1. Quick one: net charge of residue 157's neighbours, Cβ under 14 Å, K/R +1, D/E -1?
2. Considering only 125, 170, 214, whose Cα is most displaced toward the positive end of the charge dipole of the range 73-223, charges sitting on Cβ of Lys, Arg (+1) and Asp, Glu (-1)?
3. Excluding residue 86 itself, what net charge comes from residues whose Cβ is under 15 Å from its Cβ, given Lys and Arg +1 and Asp and Glu -1?
4. For the range 104-223, what does the accessible surface come to per residue with a 1.4 Å probe? Please give it in Å².
5. If I ignore ligands, DNA and RNA and count only protein heavy atoms, how much of residue 61 is accessible to a 1.4 Å probe, in Å² to the nearest 10?
6. Gain in length, residue 91 to residue 206, computed as 0.36 nm per residue apart minus the alpha-carbon separation, to one decimal in nm?
7. For 81, 103, give me the order by solvent-accessible area with a 1.4 Å probe, most accessible first, ignoring ligands, DNA and RNA.
8. With a cut-off of 8 Å between alpha carbons and a minimum separation of six or more residues, what is the relative contact order of the range 103-223 in percent?
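The values are calculated or read from the model by the stated rules, or taken from the named source; none is laboratory data. Just so you know, these numbers come straight off a predicted model, no measurement behind them. Every residue, glycine among them, receives a Cβ derived from its backbone with ideal geometry; neighbour counts consider all protein chains shown. When the accessible area is computed, the model is the full protein with side chains, heavy atoms only, and any ligands, DNA or RNA have been set aside. Shrake-Rupley method; radii C 1.70, N 1.55, O 1.52, S 1.80 Å.
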Amino acid sequence: MVLHRRPYRETSLVLECLTAEAGRVGLVAKGARRGGRHARLEPLHEYELAWVGRGELHTLTSAEPRRRVALQGEAAICALYVNELLLRLLARDDPHPAIYPAYWRCLDALDDGMTREPALRNFEYQLLHVLGYGFARDCDARGQPLVASQRYLPGPDGGLETTDAAGQGSTGANLLAWVADDWSGQEARADIRRVMRAALAPHLGTRPLEAPRLLQGLRRLGR
């Protein structure tokens, strides 16, 4: 799956790809900017890829089309957000077999506005767990059951910690609704979004993600 592409030297492209077995890989498509079939390799397209070479960037030798993600509008921008997460959080050539099927489950759910937010939050949560940054959703950092009325945020050492700051984190009740896969409440969805933003922030760096800006622009246009 192509996550991102950028120009490389005078005639080539660098493709950042997610693969089922090798994880994230960087591939040089030599001469792709001069035309040819490798010039058509695009994000949100799945290919059967082959490459050679060692080091941080490998040389692409073949790319056979398999599947295209046909998303539009907000759904497409959400897919680009997922790609950005993978580019920021996954190291190259570090296999994580659970990520590839989770990625496709998320993409498949993005086309439906009712399942879009659960798909994003669940993918974020699974990604953090796979990378060793996860936290339990049904108990606090000491292993104690959540209090429904108390608010929680992920702590710096993992695990949920209480917070007295209004509008921060999530109530215990809404976190337990997440565990039960109950997304019916607008407040619960907002709370869970805040928790995941707080959990992701230390690992994403200071450079803003592009997808949220694109989404805001799309909504201002009313599309």
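1. Working: positive: 142; negative: 140, 161.
In short, -1.
2. Of 125, 170, 214, it is 214.
3. After counting each charged neighbour, the total is -2.
4. About 57 Å² of surface per residue is accessible.
5. Accessible area of residue 61: about 70 Å².
6. That works out to 39.6 nm of additional length.
7. Listed by decreasing accessible area, they come as 81, 103.
8. 18
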